[in-house]
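Presented below is the structure to which this report refers.
The values are calculated or read from the model by the stated rules, or taken from the named source; none is laboratory data. This one's a predicted model, so the numbers in the text were calculated from it and none came from an experiment. Heads up, the Cβs are rebuilt from the backbone with ideal geometry, glycines too, and the neighbour counts pull from every protein chain shown. For accessibility, only protein heavy atoms count, side chains too; no ligands or nucleic acids. Shrake-Rupley method; radii C 1.70, N 1.55, O 1.52, S 1.80 Å.
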Amino acid sequence: LRPPIPVPQTLTSPLPFSHSYRGLTLVLTFLSYTSYHLSRKPISIVKSQLHPNCSSLGPNPHNDSNSTTWCSWAPFDGDNYKELFGALDNAFLVAYAIGMFISGIFGERLPLRYYLSGGMVLSGLFTSLFGLGYFWDIHVLWYFIIVQVCNGLVQTTGWPAVVACVGNWFGKGKRGLIMGIWNSHTSVGNILGSLIAGAWVSSAWGLSFVVPGIIITTVGIICFFFLVEYPEDVDCSPPLHHVMTTSEKDPEAVTSNEGPLSLSGQSSVDHSHSPKEPAEEPEAISFLGALRIPGVVEFSLCLLFAKLVSYTFLYWLPLYIVNVAHFGAKEAGDLSTLFDVGGILGGIFAGLISDYTGGRATTCCVMLVVAAPMLFLYNHVGQNGIGTSIAMLIICGALVNGPYALITTAVSADLGTHESLKGNAKALSTVTAIIDGTGSVGAALGPLLAGLISPTGWNNVFYMLIAADVLACLLLARVVVKEARGWCGPMARQRGYVVT
């Protein structure tokens, strides 16, 4: 091992060097998870093409007067096509939920660059294999199910890896705002996936999968060559993941230690002399140990229901627009991107408000409470005009995806570096995987329930989504009360009251 380069006491030379790598890490991880979501979106766009309204396309060219599904793609040409679509979604999401609990463990112990890049290349392979079913003229349900299961498993490499990479480079700071902006990769990926899939959905839907598969593979190769896992690998000083006891007494020290180098100089030297800090790295936290961190269980269960709503929209919104508003497949796919535009705004807004108030749980609860009536209104008046539909989609996207984005980013980072861990840096990936893995259970249930309920009417689907939002809010009640007491305490002391 080469000796570490001494850290100078000035901020003139190292800061631009370190900031460049921090910026590179943000860009690469942003592009990585954008491509993950880009490759998940095509299935929701292609559904309307696998079982279209054949009567609107004219007479049957095969002269089969009894067939009303001559333009559908077998095996999705039967009356149970919604259940089969639900099975496709569920195959991916159940595999993703199961794999996520395991993925965090591997993410703590394997080189992140290899783990992330390998997962992206495999994701590109399985995404392309689904689309190749079109060119190979495959009509066997189990082929598509198996491809979805494999893709769900390998895509679990993404989230724990990118969060761990960002966590290695960025310490405590304005996490809500920074990670809210960074987390827009989810919505950007959904938007790009919708637009790319929509470009070929009506002509050759197989390309709607093959092209995203090529894109995620390419980004994975780029990450393999350029992603830097640790600041120490390029002789940069690591950030502080929590505030030390001495820093807690000095607010200026807290602020200065958030960057790659502290203004005090001494703290930076201490960290630079111990790359990766082997003496301070205990064993990776256990699964049960992570569950005992205050707030992990509450936010995990809340995310289960919040992600249930978000992923139901992700997989079923284009089909809902086609059936209710009677748009074409491409137009419905383009219109559905407005939900993700709202998601970007909601994630940034939630992060900004939670940073300002210090109330992560309260911010989530308020947005979830408002989301419930907005979902009801969208279902009943959202299709009354293109202007109303656009506005309602953006508002619903912001309120639904705002809490989801906040929990999976800033809240996960807060809990993964909780003060009860006493400096254990081997917890962030595990905590992130537990929270997102629990949420992925909801992501699997949502589209499945939508597939089962939608034959009884879309109204019932929205009632299910509203109920999920209310449950998500109730599960955070204890944390919200704790935050409220934290606010009331200082206010009461300022007014001369005794807080008991």
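Across all directions of projection, what mean area in square nanometres is found for the Cα convex hull of segment 329-404?
Working: hull surface 19.6 nm².
Averaging across all directions leaves 4.9 nm² for the Cα convex hull.
Against the globular-protein guess of 2.2 N^0.38 Å, express the Cα radius of gyration of segment 291-375 as a ratio, rounded to two decimals. Intermediate results must be reported in sequence, preceding the final value.
Values: Rg = 15.7 Å, N = 85, 2.2 N^0.38 = 11.9 Å.
So the Cα radius of gyration is 1.32 times the expected 2.2 N^0.38 Å.
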Quiz prompt | Centroid-to-centroid separation of segment 144-165 and segment 65-133 [C-alpha atoms, Å] | solution = 9 Å
Quiz item: What per residue convex hull volume, in Å³, do the alpha-carbon atoms of segment 98-163 yield?
Solution: 67 Å³
Exercise. Using the heavy atoms of the protein chains and a 1.4 angstrom probe, tell me the accessible area per residue for segment 313-452 in square angstrom.
Key: 31 Å²
Practice problem: Ignoring everything but the protein chains, give the 1.4 Å probe accessible area of ILE394 in square angstrom, nearest 10. | Solution: 50 Å²
Self-check item: Translational D in µm²/s for segment 99-220 (Stokes-Einstein at 20 °C, 1.002 mPa s, Kirkwood Rh from C-alpha pairs)
Solution: 135 µm²/s
Self-check item: List LEU448, LEU153, ordered by accessible area with a 1.4 Å probe, largest first
Solution: LEU153, LEU448
Quiz prompt | Within segment 358-383: backbone nitrogen closer than 18 Å to the VAL470 label point (7 Å, Cα to C-beta) | solution = 365-380
Quiz item: So what's the gap between the Cα centers of segment 350-374 and segment 292-342, to the nearest angstrom?
Solution: 18 Å
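For LEU125, LEU38, give me the order by solvent-accessible area with a 1.4 Å probe, most accessible first, ignoring ligands, DNA and RNA.
Working: LEU125 85, LEU38 5 Å².
Of LEU125, LEU38, the descending order of accessible area is LEU125, LEU38.
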